[in-house]
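Working notes, beginning with the structure itself.
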Amino acid sequence: MSFWKRFARNIGALVGLAILVLVGLMAVLAPVLFPFSPWEMRGIPFMGPGEAGFLLGSDSLGRDVAAGIAHGALVSFLVGGVSTVAALALGVTLGAVAGYGGGWIDDAIMRFTEFFQTIPSFVLAVVLVAIFTPSITSIVVAIAVVSWPPVTRVVRAEFLSLRSREFVQAAEVLGRGPIAIMFTEILPNALSPIIVLASLMVATAILLESSLSFLGLGDPNLMSWGFMIGSGRSVIRIAWWMSVFPGVAIFLTVLALNLVGEGLNDALNPRLARRRGTLPA
Amino acid sequence: MTAPILAIENLTIGLPIGGDRANAVEGVSLAVNPGEILCVVGESGSGKSMTASAVMGLLPKGLPVRSGRILFEGNDLLALSPEAFRRLRGVRLGMVFQEPMTALNPLMRVGDQIGEAFRVHGERGDVRAKVLALLEDVRLPDPPSIIDAYPFRLSGGQRQRVMIAMALALGPSVLIADEPTTALDVTTQMQILRLIRGLQKDRGTGVLFITHDFGVVAEIADRVAVMQHGRVVEQGEARAVLDAPQHPYTKALIAAVPHGRVRPAEAAHADTVLKVAGVAKSFRRGGGLFRRGTPVAAVADAAFSLKKGETLGLVGESGSGKSTLARCVVKLVTPDEGQVLFHGTDLLPLGRGAMQPYRSRIQMVFQDPYASLNPRRRVGDIIAEGPVTHGVPREQARARARDLLALVQLDPGAMDRFPHEFSGGQRQRIGIARALALEPELLIADEPVSALDVSVQAQILALLDEIRTRLGLTMLFITHDLRVAAQVCDRIAVMQRGRIVEMGPTAEVFGAPRHAYTRELLDAIPGKAWTPPLEAA
């Protein structure tokens, strides 16, 4: 059975994928749907959803909430995607070296990883962004720095178990170099858990970015969902829509990513899925 | 003749749609008489285990019984309610599984596990005394101490004895044994076979014994049923089937059994290709950051030499260090001491770069064809990989890979397919092609046929032999199967606990073994009294 068929059996994953596609379309089409800056004042402040031409209401400065959400989607995806790629690059390399190298290299890398894991990740991210002044780059770097350790651990575990497999020994006997063995023999076989982990990391990264923006540590030039909730927080009793709609956007996106991650997991590990009862035998 | 105690009549078990055939088992009729051992033989996928599962009511969900009856002491097992079946199972029907390492609960004392059989079925009284008696019956050493031991303290053979004790606890009239000795070493296998035979004689139990090994059949069977593709193709008295098989499939199977006849020794060449001297390797068990573990010697003071064109067999049971020694030669394992001289050059002190030219001259074929090929790469790339690493242009390497596929009798169309599309035997051929791609002088074969079915095993052995003579290869052949070793090797080295205890020409080692352990090994070959008839095929 093909990968896609197995994935399509999981209805939750399909729903998640559909939501992601919609949010993605919204992010891409934002300049067309709302061809103005989300920071621009468009009308009377504190208008409720549907009033005065505001689809989702206006905020305390008369800015369009719907436009903010649409433009913010791009920021969320950008931060989530780029920081995940950066974290994967670091995490996979370190995990591969640790798992394949073994011995003192493994010890050194794992102690280094544990050092990062013992610091509460959100606090570390706040500190990093505060030191390097809030900007999209510093936010991406901060999120990448706090989210690579789990990748390292997963990749190391996969490499440890695959390293002793006979096809790896065969490659060694053929005289292939360690780097070729790591990247052409072992890594392709360790991809499934990495892909699943990556989809969940994007979700976490979006949450982290929102939390940072909520605290006022977002990029001051870019509209973001977290910033919108943060700025609506003080007036939540008079203008609930200012916080609720960005909140719903975050909730739906993160939920969708988790559903897709779950679906990928089932599709990439068909035997586990069958045991869990997602698939009929 | 008395009425059979267990009769399977015309049993058909379906496979789910999309399986490789419509029914897992089709129209199978078997009968076990009291006090008789019926062996069901067949290769993997022949439906023999499925039949046993049906008798125990352990069929996986989704495999429906389409027709047939299983009569046991007059009841149709398939018509019984689950509750009524449960009362029979364990009391009247006992079962022994293949894998003794996983069939026992690791957190329960041995005595409690056996005692559970009594308790579940409402037996009262002195359970402990009964368990002790059982442990005595299955000849476990020192029952009073074993009864309170946890399973991890026992060896594989001892665990299998515990399993047999559990199966026999309530005196069943039929014992079903599904490959009970396959996971065990030869000497242990022999002890377990003798035990089953003895217990069965004493108690008059009927035994349904599932196996793939004709040696085992020859050792214990009263009657044999041969299965192929879910059907019983031949059934009869053990002697008759073994010595004069009727059905072509049985003939083919028996012809494929390694006959164990010693190969005529070939005139040895003068050049020494490989000389191993004083190689030792020990691993550390346990230990941690501040405490070093206790060393366990895997190989101790191993020495042998290989002349050009010669095949040396390394024989021994699991844990004897034969695989470790072979891995020392290709430097997958770095020995603690000793020398590995290849054409006079010691390979051990060489670094990765200096070793590179020797890599192509020494190649290895691995044991498990399912683990030794990278599942994510195409067959063509797998074979061409070695030459490409050694600087051969990719196109040339691929052309050579195509030739090699023909040499190992595979279709060149295999180039662009993935390993999972091939059967075990075909994968082993791919593994051999990969090793040959570098045109090695010395081929190390680590149990190359032990994961394969008998008929496939015979093909691979024939292929290896043909390639060896055609290319003039020198071979180090590792195996636990003495019949195979006799057939393939010019000289034999017997290993026990990391040491080579006896070495010599095959005919000498088999004909006049000097070491006690060699004699024990030879003694343990199942069915050694039986020589497969030559004209079988």
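Quick note: the coordinates plus some simple rules give every number you see, no bench work behind them. All values reported here derive from a predicted model rather than from experimental measurement. Positions of Cβ are backbone-derived with ideal geometry, glycine not excepted, and every protein chain shown enters the neighbour counts.
Going through segment B:1-96, which GluC sites (Glu not before Pro) have at most 14 other Cβ atoms within 10 Å and a DSSP loop state?
Details: sites: B:GLU9, B:GLU26, B:GLU36, B:GLU43, B:GLU73, B:GLU83; in loops: B:GLU36, B:GLU43, B:GLU73.
In loop regions of segment B:1-96 (DSSP not H, G, I, E or B), the sparsely surrounded GluC sites (Glu not before Pro) are B:GLU73.
Evaluate the relative contact order of chain B (contact order divided by residue number), counting alpha-carbon pairs under 8 angstrom at least 6 apart; express in whole percent. Let's see the in-between values first.
On the way: 1074 pairs, mean separation 86.6, N = 537.
The normalised contact order for chain B reaches 16 percent.
Taking Cα centroids, how far is segment B:364-413 from segment B:8-83 in Å?
A separation of 41 Å, based on Cα centres.
Please list B:162-171, A:14-23 highest first by mean number of surrounding beta-carbon atoms within 10 Å per residue. Present the calculation step by step, with values, prior to reporting the outcome.
Details: B:162-171: 22.1, A:14-23: 16.8.
Averaged packing, sorted descending, gives the order B:162-171, A:14-23.
For segment B:360-372, in order, what is each residue's ³J(HN,Hα) by Karplus, 6.51 cos²θ - 1.76 cosθ + 1.60 with θ = phi - 60°, in whole Hz (x at glycine and Pro)?
Karplus values, whole Hz, x for Gly and Pro: 6, 8, 10, 10, 9, 10, 9, 6, 9, x, 7, 9, 8.
Using a simple charge model, +1 on the beta-carbon of Lys and Arg, -1 on the beta-carbon of Asp and Glu, nothing else, what dipole does chain B show about its Cα centre, in debye to the nearest 20? Don't skip to the end; give the middle numbers.
Working: 62 positive and 57 negative charges, 248 e Å.
Dipole of chain B, to the nearest 20 debye: 1200 debye.
Work out the charge dipole of chain B with +1 on the Cβ of Lys and Arg and -1 on the Cβ of Asp and Glu about the Cα centre, then indicate which of B:GLY511, B:PRO264, B:LEU58 is farthest towards its positive end.
Of B:GLY511, B:PRO264, B:LEU58, it is B:LEU58.
Please state the relative contact order of segment B:180-251 as a whole percent: Cα pairs under 8 Å, 6+ residues apart? Walk me through the numbers on the way to the answer.
Working: 52 pairs, mean separation 13.3, N = 72.
Reported as a whole number, the value is 19 percent.
Compute, for segment B:7-256, the length of the dipole vector about the Cα centre, with Cβ point charges of +1 (Lys, Arg) and -1 (Asp, Glu) only. Units Debye, rounded to 20. The partial results should precede the final answer.
Values: 26 positive and 27 negative charges, 83 e Å.
It comes to approximately 400 debye.
Within a 10 angstrom radius of each residue's Cβ in B:387-394, how many Cβ atoms of other chains show up on average? Whole number is fine.
On the way: counts 1, 3, 6, 3, 0, 0, 0, 0.
Mean partner shielding for this stretch: 2.
Quick one: 3J(HN,Hα) in Hz for segment B:118-126, Karplus 6.51/-1.76/1.60 with θ = phi - 60°, rounded, Gly and Pro as x.
Residue by residue, segment B:118-126 yields 5, 5, 4, 9, x, 7, 10, x, 7 Hz.
Among B:LEU522, B:ALA399, B:THR479, which residue has its Cα furthest toward the positive end of the charge dipole of chain B, with +1 on Lys/Arg Cβ and -1 on Asp/Glu Cβ?
Value: B:ALA399.
I'd like the chymotrypsin sites (Phe, Trp or Tyr not before Pro) in segment B:326-432 restricted to DSSP loop residues with at most 10 other Cβ atoms within 10 Å, sorted by number. Write down the numbers at each step before the final one.
Numbers: sites: B:PHE342, B:TYR358, B:PHE366, B:TYR370, B:PHE422; in loops: B:PHE366, B:TYR370, B:PHE422.
Filter output for segment B:326-432: empty list.
If the only charges are +1 at each Lys and Arg Cβ and -1 at each Asp and Glu Cβ, what is the size of the charge dipole of the protein assembly as shown around the Cα centre, to the nearest 20 debye? Mind showing how you got there, number by number?
Values: 79 positive and 72 negative charges, 117 e Å.
Taking the Cα centre of the protein assembly as shown as origin, the dipole is about 560 debye.
Amide H to amide H under 5 Å from B:ASN23: which residues, 5+ apart in sequence or cross-chain, H placed 1.01 Å off N in plane?
B:LEU15
From the square roots a ≥ b ≥ c of the eigenvalues of the alpha-carbon gyration tensor of segment B:67-186, which class results: rounded (a/c under 1.5), prolate (a/b over b/c), or oblate? Walk me through the numbers on the way to the answer.
Details: a/c = 2.27, a/b = 1.46, b/c = 1.55.
Because a/c hits 1.5 or more and a/b fails to exceed b/c, segment B:67-186 counts as oblate.
Pick out, from B:GLN160, B:HIS121, B:VAL174, the residue whose Cα sits farthest towards the positive end of the charge dipole of segment B:7-256, with +1 on the Cβ of Lys and Arg and -1 on the Cβ of Asp and Glu.
Most positive-ward Cα: B:HIS121.
Please sort by residue number the GluC sites (Glu not before Pro) in segment B:116-147 whose DSSP state is loop and whose Cβ has at most 14 other Cβ atoms within 10 Å. Working shown, then result.
Working: sites: B:GLU116, B:GLU123, B:GLU136; in loops: B:GLU123.
Counting only loop positions with at most 14 other Cβ atoms within 10 Å, the GluC sites (Glu not before Pro) in segment B:116-147 are B:GLU123.
Seen from all sides and averaged, what is the projected area of the convex hull of the Cα atoms in the protein assembly as shown, in nm²? Write down the numbers at each step before the final one.
On the way: hull surface 175.4 nm².
Computed as one quarter of the Cα hull surface, the answer is 43.8 nm².
Name the longest site-free stretch of chain B, where the excluded sites are trypsin sites (Lys or Arg not before Pro) in a DSSP loop with no more than 10 other beta-carbon atoms within 10 Å. Don't jump to the answer; show the numbers that get you there.
Working: sites that count: B:LYS61, B:ARG124, B:ARG291, B:ARG292.
The longest such stretch corresponds to B:293-537.
For B:LEU274, which sequence-distant residues (separation of 5 or more, or a different chain) have an amide H within less than 5 Å of its own amide H, given hydrogens modelled in the peptide plane?
Distant-sequence amide H within range of B:LEU274: B:LEU306, B:HIS343.
Averaged across A:160-172, how many Cβ atoms of other chains sit within 10 Å of each residue's Cβ atom?
Values: counts 0, 0, 1, 0, 1, 6, 12, 14, 4, 9, 15, 6, 5.
Averaged over the peptide's residues, the number is 6.
How large, in Å, is chain B by the Kirkwood hydrodynamic radius built from its alpha-carbon pairs? Walk me through the intermediate numbers first.
On the way: mean 1/r = 0.0393 Å⁻¹.
25.5 Å is the Kirkwood radius here.
So what's the net charge close to B:LEU58: Lys and Arg +1, Asp and Glu -1, counting the other residues with Cβ under 15 Å from its Cβ?
Details: positive: B:LYS48, B:LYS61, B:ARG86, B:ARG89; negative: B:GLU99, B:ASP178, B:GLU179.
Around B:LEU58, the surrounding residues sum to +1.
Of all DSSP beta bridges located in segment B:7-256, what percent are antiparallel, nearest 5? Kindly include the intermediate steps, with their values, before the conclusion.
Working: 18 of 37 bridges.
So the antiparallel bridges in segment B:7-256 amount to around 50 percent.
Using the Karplus curve 6.51 cos²θ - 1.76 cosθ + 1.60 with θ = phi - 60°, work out ³J(HN,Hα) for each residue of segment A:7-12 in order, rounded to whole Hz, and write x for Gly and Pro.
Result, rounded to whole Hz: 5, 5, 5, 8, 5, x.
Just counting partner chain Cβ atoms within 10 Å, what average do the residues of peptide B:362-369 show around their Cβ? Mind dumping the intermediate values first?
Details: counts 2, 4, 6, 2, 6, 1, 3, 1.
Rounded to a whole number, the mean comes out at 3.
Out of residues 5 or more away from B:LEU314 or on other chains, whose amide H comes under 5 Å of its own, with H placed 1.01 Å from N in the peptide plane?
Amide H to amide H, under 5 Å and 5 or more residues apart or across chains, B:LEU314 pairs with B:PHE477, B:ILE478, B:THR479, B:ALA493.
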